[in-house]
1. Being open to solvent by less than 20 Å² (accessible area, probe 1.4 Å), in contact with a helix residue (DSSP H, G or I) (Cβ under 8 Å, 6 or more places away or on another chain) and within 16 Å of ligand 2 (Cβ to nearest atom) is the requirement here; does L87 meet it?
2. Output the residues belonging to the stretch 169-181 that are in contact with a Ser or Thr (Cβ under 8 Å, 6 or more places away or on another chain) and open to solvent by less than 20 Å² (accessible area, probe 1.4 Å).
3. Check I234 against each of (1) part of a loop (DSSP other than H, G, I, E, B); (2) touching a residue at least 40 places away in the same chain (Cβ under 8 Å) and name the one condition it does not meet.
4. Only one of G292, G306, G276, G248 is open to solvent by 10 Å² or more (accessible area, probe 1.4 Å) and at pLDDT 95 or above; which?
5. Considering only helices (runs of 4 or more DSSP H) fully contained in the stretch 245-353, which possess at least 3 residues that are within 16 Å of ligand 3 (Cβ to nearest atom) and within 29 Å of L51 (Cβ to Cβ)?
6. With respect to F224, is the statement that it is touching a strand residue (DSSP E or B) at 6+ places or on another chain (Cβ under 7 Å) and away from ligand 3 (no atom under 15 Å from the Cβ) true?
7. Which is within 17 Å of P230 (Cα to Cα) and either open to solvent by less than 20 Å² (accessible area, probe 1.4 Å) or at pLDDT below 95 (or both), of L341, L322?
8. Taking the stretch 189-231 as the region of interest, how many residues are of a type in the set (A, V, I, L, M) and either free of Cβ contacts under 8 Å to residues at least 60 places away in the same chain or in a helix (DSSP H, G or I) (or both)?
Amino acid sequence: MNRAKFPFQTMLEYKPFSTGLQLAALLLAFFLVFNGSCDGDGNDNPPDAGLYHTYAELDNDLHALATTHPQIAQVSSIGKSVEGRELWAIKISDNVNAQENETEVVFLGGHHAREWISIDVPYLIAQHLLDEYGSNPQITALVDNAEIWIVPMVNPDGHQYSVTAQRLWRKNRRNNGDGTFGVDLNRNYSYQWGGPGSSGDTYSEIYRGPSAFSEPETQAVRDFLQAHPPRALISYHSFSQLVLYPWGYTNNASPQHGLLDSLAVAIANRIRDVHGQTYIPEQASDLYLASGDTGDWLLGVLSVPGFTIELRPRSSVPGFELPENQIQPTFEENLPAALFLMEWAIAQGNVTL
Ligand code: 0X9
Ligand code: CA
Ligand code: ZN
């Protein structure tokens, strides 16, 4: 298997301006001069990501979903980003205003700024659950028997920067105080923080931050998950079409390896059944070692099975810039997998790993 190096280079070390920097600067200058959003007239155009959700659109659309489905949907903020944006969560359950003794399942998206599809997939899952409630018996049962929490955009500052300034931005927008910006939120969780596959260099794309949970975004996710320990979780990323499970910090198998692998295989099979796309199930360390990610903290600290799904596309062309016409099929193929994991979680009842 020499797959290990390939996704690392394509996903992390993608260097868009390694050639043609001057041309890029020139194009940027023309863009700034002729783009209406920078004319300083105080009537700036809103940031636009085409059919993908921007932060403002997500804020608006999540609240609209809750307004149109008040019995089963509620929007709240789990905290604020470095730049003060709210980290929106939508809770979907019967009697949504009550905290009932029901299985909790969590879906996260948008840890990495440039992975736009990782926000729209969990958003569309939320929308689908709400639209189908009351008519689709499978979904009605899920919503009745679980408390489903969806946090589509964990890194809104980075996302906004990706939309407005630098499409391939990855990290959050922490000012590191040395001329560099950003901490990799998926290296900032505490379990095995600082280990292999993370960097202490502030300029690095995999900068882990000055300490575990140094960032308000990961603090918010941590506090939320400790208050609402889920039975299962998916964190969406892109790209490469993989279903990853812990450990990521070591090649050793976790004590739960058998269960995690069989769930990952089941998830990948359900994805393939929709449009024939292969997503490879594997231990996260088989991709590359990385320490301080969401899945390792979930398993290591909370004993919760969590999966990192790397969405479409398969390879570095088109890489992070997945065409808009693939938003819907990517959602469609990931829906049955998400429903499967919710059903599995409900079936576990109060049994913990
Ligand atoms: O490197 C990451 O954080 C994830 N890939 S991405 O291209 N979306 O950035 C993968 C994390 C999986 N975890 C480990 N390999 N430990
Ligand atoms: Ca309920
Ligand atoms: Zn990612």
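1. The answer is no for L87.
2. N172
3. (1)
4. Values: G292 fails: open to solvent by 10 Å² or more (accessible area, probe 1.4 Å); G306 fails: open to solvent by 10 Å² or more (accessible area, probe 1.4 Å); G248 fails: open to solvent by 10 Å² or more (accessible area, probe 1.4 Å).
Of the residues listed, the single one that is open to solvent by 10 Å² or more (accessible area, probe 1.4 Å) and at pLDDT 95 or above is G276.
5. Fully inside the stretch 245-353 and qualifying: nothing.
6. On the way: touching a strand residue (DSSP E or B) at 6+ places or on another chain (Cβ under 7 Å): yes; away from ligand 3 (no atom under 15 Å from the Cβ): yes.
Here the answer is yes, as F224 does meet what is asked.
7. The conditions single out L341.
8. Taking the stretch 189-231 first, the residues of a type in the set (A, V, I, L, M) are 206, 212, 220-221, 225, 227.
Retained after the next criterion (residues that are either free of Cβ contacts under 8 Å to residues at least 60 places away in the same chain or in a helix (DSSP H, G or I) (or both)): 220-221, 225, 227.
Final tally of qualifying residues: 4.
The values are calculated or read from the model by the stated rules, or taken from the named source; none is laboratory data. As the structure is a computational prediction, the values presented were derived from the model and not from experiment. Counting neighbours? That spans all protein chains shown, and the Cβs are built from the backbone with ideal geometry, glycine included. All accessible areas refer to the heavy atoms of the entire protein, side chains included, with ligands and DNA or RNA removed. Shrake-Rupley method; radii C 1.70, N 1.55, O 1.52, S 1.80 Å.
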